[in-house]
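What follows is a set of notes on a single structure, which appears directly below.
The values are calculated or read from the model by the stated rules, or taken from the named source; none is laboratory data. This one's a predicted model, so the numbers in the text were calculated from it and none came from an experiment. In this analysis, Cβ positions are derived from the backbone assuming ideal geometry, glycine residues included, and neighbour counts consider all displayed protein chains. Please note that ligands, DNA and RNA were not included when accessible areas were found on the heavy atoms of the full protein model with its side chains. Shrake-Rupley method; radii C 1.70, N 1.55, O 1.52, S 1.80 Å.
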Amino acid sequence: MAGIFQRSVKLRTVLRHQRLHRTFSSRKTARLSAVGLCGSFHKLPSGSWQFGATCQKLHTVADGPKPSAAEAPDRLPFSRVTQEDLAFFRKTLLGRAITDSDFLESSNVDWLKSVKGSSEVLLRPQNTKEVSQVLRYCNSRNLAVTPQGGNTGLVGGSVPVYDEIILSTALMNNILAFDNISGILTCQAGCVLENLSLYLEERDYIMPLDLGAKGSCQIGGNVATNAGGLRLLRYGSLHGTVLGLEVVLADGRVLDCLSTLRKDNTGYDLKQLFIGSEGTLGVITAVSILCPRKPKSVNLVFLGCETFEQLLKTFQLCRGMLGEILSAFEFLDSECMRLLNTHLKLPNPISDCPFYIVIETSGSNPTHDGQKLHNFLEEAMTSSLVTDGTVATEESKIKALWSMRERITEALTHDGFNYKYDISLPVERIYQLVTDMREHLGDQAKSVVGYGHIGDGNLHLNITSPAKDPALLGAIEPFVYEWTARCKGSISAEHGLGLKKRNYIYYSKSSQAVALMGNIKAILDPKGILNPYKTLPDALK
């Protein structure tokens, strides 16, 4: 199909007739070990626990690298679950207070199998009242609680570090209301993202976010981590699309901010505190979210570029020529493609290239969108920005092409132990970090790959090794964070800080900002029972 790029009329015909999948080319050739920083709380006369700066204690290892700041601190003096506690939970949650070790196994381990807790209790409430009763009791007993949604997080934020009680929202999966005029959906926090998408598609709407883990992640967890995903370029972040939240605070009080208004300028917008708070300030139990109409015309383009500079120029051209119909602009490098080929047997849909681009357009007029896409592709080829590509307009083919981007994380799990970094950077600097990391590590790593969301400046840097390697981690960190800080980037674009990155927050936030976060935590959760050891550093400066 090389002639499609050489003779633009053919591409116009492809788009006009919605052919399914056409290829075109112009190519003529039990927990983590003890951590270094400890003592994040000190006890007040009242018996509550407050964040505060304490001495730094390094647990040194003889003749080896010092422990990473990503590792777990010493256990804080929370109470341990007693038979009396279990009796209360069983009475409150009939048949839904789980103590079976086999059932608990998967809830104690994160998706990457890199963090494992030792919780002996899994609670599965069905409504806000039950969550309130559980948290009120746990707060009175000083029992630590780890809120858990779909457990798809990548920074150890959704699993216990020690014996914290796991509070699962999996059974809170009801849709409460949907306004077909405004497109506002209200649902419980445990609704799986894919199920919400299917519900909305039947009503000619879509969710404003789309994630590779949509089949198991829950909307409450998405909001608690401020998940970004593939549609952020078009629809923005959850800070904009979430209109209201219902949250249960550490002491059991229910904060009802479940508004469905798009404009409400009365006082502080409290819901924003909980978006991205990773369950450390309260447990989200319900969400209202603004959903866009389902596009009538969707096209997906998979392109190849010879250099990252050409990729960036293609992005500039794309934004200018596709404008309002551009909904996603993703990239992956040749190392990602190698892993997809090797571990998942996914064939490259185009010729081998150093870089690949996934572009999605969505609009309301197939003819209009097709013409704009045709003009863009013709210009991209004429300018020699792209060298090969394929277009998909049928749903099954679109999903097949999207899998080349969405399944990279899965492919990485088959390549060995993963070190994952989710970085925000100025767009022009994104891939330089990958190049510099490869040079910095040399042959210490098995693979160093880069992919992500060019449209919002988000790089997913992944490094693999045959097994967990403290020496390799010592070479990666803090190099990756120092590099990011020099470029005025963020060490977490969308995954959050969780357990693994909590002590690196100062690379992205000032000491004053972090201290204020600690103050907010102390006000809303004075005993520190909600998701301890996560998000905030072990010692405040």
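Tell me, what is the FRET efficiency for residue 171 and residue 403 to the nearest 0.05, using R0 = 41 angstrom and their Cβ-Cβ distance as r?
Values: r = 30 Å, r/R0 = 0.74.
Once the sixth-power term is evaluated, E becomes 0.85.
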Quiz item: How big is the gap, in Å, between the Cα center of region 400-415 and the Cα center of region 89-158?
Solution: 29
Quiz item: Taking N as the number of residues in the chain, what is its alpha-carbon radius of gyration divided by 2.2 N^0.38 Å?
Solution: 1.00
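Might you tell me the accessible area per residue for the chain, computed with a 1.4 Å probe and given in Å²? Don't skip to the end; give the middle numbers.
Numbers: 22430 Å² over 541 residues.
I get 41 Å² per residue for this part.
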Self-check item: Note, ³J(HN,Hα) from phi for region 130-137, Karplus 6.51, -1.76, 1.60, rounded to Hz, x at Gly and Pro
Solution: 5, 4, 4, 4, 5, 5, 4, 5
Exercise. Please get the size of the charge dipole for region 175-290, origin at its Cα centre, with Cβ charges of +1 on Lys and Arg and -1 on Asp and Glu, quoted in debye to the nearest 20.
Key: 220
Quiz item: Tell me, what is the Rg over Rh of region 175-290, with Rh the Kirkwood radius over Cα pairs?
Solution: 0.94
Quiz prompt | Contour excess over end-to-end distance, with Cα ends at residue 293 and residue 90 and 0.36 nm allotted per residue | solution = 68.7 nm
Practice problem: Taking a cut-off of 14 Å between Cα atoms, list the aspartates and glutamates near residue 521, but don't count ones fewer than 8 places away on the same chain. | Solution: 251, 278, 538
Quiz prompt | Those trypsin sites (Lys or Arg not before Pro) in region 317-347 that DSSP places in a loop and that have at most 13 other beta carbons within 10 Å | solution = 345
Quiz item: Any idea what log10 I(q)/I(0) is at q = 0.18, 0.28 Å⁻¹ for region 238-287, Debye with uniform C-alpha scatterers and no solvent?
Solution: -0.51, -1.18
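Using only helices, what value at 222 nm comes out for the chain when you add -39,500 (n - 2.57) per DSSP H run of length 4 or more and divide by the total residues, to the nearest 500 deg cm²/dmol?
Details: 19 runs with 174 residues, N = 541.
Calculated at 222 nm, the ellipticity per residue is -9000 deg cm²/dmol.
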Self-check item: Student exercise, the chain dipole from Lys, Arg, Asp, Glu Cβ charges, in Debye to nearest 20
Solution: 500
Quiz item: Among the aspartates and glutamates, which have Cα under 18 Å from the Cα of residue 488 when same-chain residues fewer than 8 positions away are ignored?
Solution: 422, 428, 436, 456, 477
Exercise. Please identify every one of the trypsin sites (Lys or Arg not before Pro) in region 114-221 that sits in a loop by DSSP and has no more than 14 other beta carbons within 10 Å of its own beta carbon.
Key: 203
Practice problem: Give me the percent of the accessible area of the chain that comes from carbon and sulfur atoms, probe 1.4 Å, all protein chains in place. | Solution: 52
Quiz item: Which of 123, 87, 223 sits closest to the plus end of the dipole of the chain, meaning its Cα is farthest towards the positive end, when Lys and Arg get +1 and Asp and Glu get -1 on the C-beta?
Solution: 223
Practice problem: Give the shape of region 415-495 as rounded, prolate or oblate, defined through the alpha-carbon gyration tensor: a ≥ b ≥ c are the square roots of its eigenvalues, a/c under 1.5 means rounded, and otherwise the shape is prolate if a/b is larger than b/c and oblate if not. | Solution: prolate
Exercise. Would you check the accessible area of residue 89, probe 1.4 Å, heavy atoms only, in square angstrom rounded to 10?
Key: 0
Quiz item: Alpha carbon centre of region 215-286 versus region 504-541: separation in Å?
Solution: 19
Quiz item: Can you give the charge dipole size of region 415-495 about its Cα centre, rounded to the nearest 20 debye, using +1 on the beta carbon of Lys and Arg and -1 on the beta carbon of Asp and Glu?
Solution: 40
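Please figure out what share of the DSSP beta bridges in the chain is antiparallel and state it in percent, rounded to the nearest 5. Present the calculation step by step, with values, prior to reporting the outcome.
Values: 72 of 81 bridges.
Approximately 90 percent, going by the DSSP bridge assignments.
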Quiz item: Can you list the lysines whose alpha carbon is less than 28 Å from that of residue 446, not counting same-chain residues fewer than 8 positions off?
Solution: 66, 113, 116, 345, 420, 468, 500, 501
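When averaged across all projection directions, what area in nm² does the alpha-carbon convex hull of region 332-408 cover?
Details: hull surface 21.5 nm².
The directionally averaged projection comes out at 5.4 nm².
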